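Contents: one structure, followed by commentary.
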Amino acid sequence: MIKNYLVFAKWRQKDVEFLNSLKLKRVIEKGYCGILIEDDDTLRTIRNRYSKQNTLLNRISPPEFSITFQGVTFSKKELDAAKCYMLPPFGKPKGFPLPKETYQNELFSFECGNYRVNRKQIGLFRINKPKWSKNQVTFHLDWEWDCIFFKKEFYQEVLAPLGLKYKEVIDNRTKKPLEDTIQLDIPVAQSKLLIENSAYDLYSSEERCGKKQYARQYLDFFPSFEKEFDFNICYTQEEFDGGFKRVVISKEFCKLLVKHKIIKYQTGHLIPMKHI
């Protein structure tokens, strides 16, 4: 696992000369610019140069200099070793839930305002009729990235034989179920995650109406389940920032998604689950 950091500042000419001497993946120019750098000797060299104390006569670091943790990437070996994966949102969002202004109250029950604690889907999504391209079989919506939609034909041929269920999706114009589009009815995991005191355990339950929620960023291997159980795809029992659930898939279901070119077998598309 490699940690990645964003180095940002309003770079001066002397900074540009220094940074470009490090042979980064991009050429740095004067002015505001962010550079994504792995946690390696190059990052340590930058830290050492700009960690010295500024004085009135000698400003070491450029204006607005900062180094912030951005996330992690994984090697193929780490992906191969995993039995399960957290599935981040994939592909470009295709539209919005409708009506934009009121759909949340119509579609979900939740508490605690914008934290959306104890969030549960109680209605059917309403969207504009999608225009499916020949090879497209799935999409997700802006704002609701933990919900996955499939072409109904693909669901019937590939997913239904696995025992997976679906929910109807409503055409916003006709107010009737779409004939070619479904929402995958993803079951909830049969086990909790070993997530307490992990890198994802950042928020206090006190500020979220007594409910625990976890960080949505990719900060580490995804926490493992407390106990093993058989599944293809599931939601976590735990909620993450904003009331979202994380989607977890098995290695076999991962192979299916890769086979149908829905995701790529690489970091960014998959977050391996930690071994216990």
Complete set of residues in segment 218-234 that are modelled with pLDDT under 90 and out of contact with any strand residue (DSSP E or B) (no Cβ under 6 Å at 6 or more places or on another chain): LEU219
Tally, over segment 11-35, of residues that are within 20 Å of ASN48 (Cβ to Cβ), over 25 Å from the mean Cα position of the chain (by Cα) and either in a strand (DSSP E or B) or among the aromatic types (Phe, Trp, Tyr) (or both): 2
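Of everything in segment 212-227 that's crowded, with 17+ Cβ neighbours inside 10 Å and not hydrophobic (A, V, I, L, M, F, W, C), which residue is farthest from the chain's Cα centre (by Cα)?
Keep residues of segment 212-227 that are crowded, with 17+ Cβ neighbours inside 10 Å, which gives 213-214, 218-219, 221-225.
Okay, now just the ones that are also not hydrophobic (A, V, I, L, M, F, W, C), so 213-214, 218, 223-224.
On the way: GLN213: 15, TYR214: 13, TYR218: 7, PRO223: 14, SER224: 17 Å.
Of everything passing the filter in segment 212-227, SER224 is farthest from the chain's Cα centre (by Cα).
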Residue satisfying all of: in segment 29-53; over 23 Å from THR73 (Cα atoms) and not small (Gly, Ala, Ser); modelled with the lowest pLDDT among these: GLN53
Residue within segment 252-273 that is surrounded by fewer than 16 Cβ atoms within 10 Å (Cβ to Cβ), in contact with a strand residue (DSSP E or B) (Cβ under 8 Å, 6 or more places away or on another chain) and of a type outside the set (Lys, Arg) present: yes
Where a residue in segment 197-222 is touching a residue at least 12 places away in the same chain (Cβ under 8 Å) and its partner, wherever it lies, is surrounded by 14 or more Cβ atoms within 10 Å (Cβ to Cβ) and basic (Lys, Arg), with Cβ under 8 Å and at least six apart: TYR203/LYS212; ASP220/LYS274; PHE221/LYS274; PHE222/ARG246; PHE222/LYS274
Residue match in segment 239-252 (condition: assigned to a helix (DSSP H, G or I) and under 24 Å from HIS140 (Cβ atoms)): yes
Any pair with Cβ under 8 angstrom, 6 or more apart, that starts in segment 26-37 at a residue that is closer than 15 Å to TYR5 by Cα and ends at one that is in a strand (DSSP E or B) and hydroxyl-bearing (Ser, Thr, Tyr): LEU36/TYR5; ILE37/TYR5
Neighbours by Cβ (under 7 Å, 6+ apart or cross-chain): first from segment 228-246, buried (at least 17 other Cβ atoms within 10 Å of the Cβ); second basic (Lys, Arg) and in a strand (DSSP E or B): GLU239/ARG119; GLY243/ARG119
Within segment 62-121, considering residues that are among the acidic types (Asp, Glu) and closer than 30 Å to ILE46 by Cα, the one surrounded by the most Cβ atoms within 10 Å (Cβ to Cβ): GLU78
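Please go through segment 59-88 and pick out each residue that is in a loop (DSSP other than H, G, I, E, B), under 27 Å from LEU257 (Cα atoms) and over 16 Å from the mean Cα position of the chain (by Cα).
Pass one, segment 59-88, residues in a loop (DSSP other than H, G, I, E, B): 59-65, 74-75, 82-83, 87-88.
Retained after the next criterion (residues that are under 27 Å from LEU257 (Cα atoms)): 74-75, 82-83, 87-88.
Matches in segment 59-88: SER75, ALA82, LYS83.
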Residue selected from segment 138-171 under the condition at pLDDT 95 or above and assigned to a loop (DSSP other than H, G, I, E, B), by the criterion surrounded by the fewest Cβ atoms within 10 Å (Cβ to Cβ): GLY163
Where a residue in segment 143-163 is more than 21 Å from TYR235 (Cβ to Cβ) and its partner, wherever it lies, is modelled with pLDDT of 95 or more and surrounded by fewer than 16 Cβ atoms within 10 Å (Cβ to Cβ), with Cβ under 6 Å and at least six apart: LYS152/ASP180
Qualifying residue in segment 194-202 (condition: at pLDDT 95 or above and either surrounded by fewer than 18 Cβ atoms within 10 Å (Cβ to Cβ) or among the small types (Gly, Ala, Ser) (or both)): yes
Search result, residues across segment 36-47 that are surrounded by 12 or more Cβ atoms within 10 Å (Cβ to Cβ) and either in contact with a Cys (Cβ under 6 Å, 6 or more places away or on another chain) or in a loop (DSSP other than H, G, I, E, B) (or both): ASP39
Inter-residue pairs, beta-carbon under 8 Å, first under 23 Å from ARG126 (Cβ atoms) and in segment 170-196, second among the polar types (S, T, N, Q) and modelled with pLDDT of 95 or more, 6+ apart: ASP171/ASN128; ASN172/ASN128; ARG173/ASN128
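The values are calculated or read from the model by the stated rules, or taken from the named source; none is laboratory data. For clarity, every value in this text was computed on a predicted model and none was experimentally measured. FYI the Cβ positions are ideal-geometry reconstructions off the backbone, even for glycines, and counts take in every protein chain you see.
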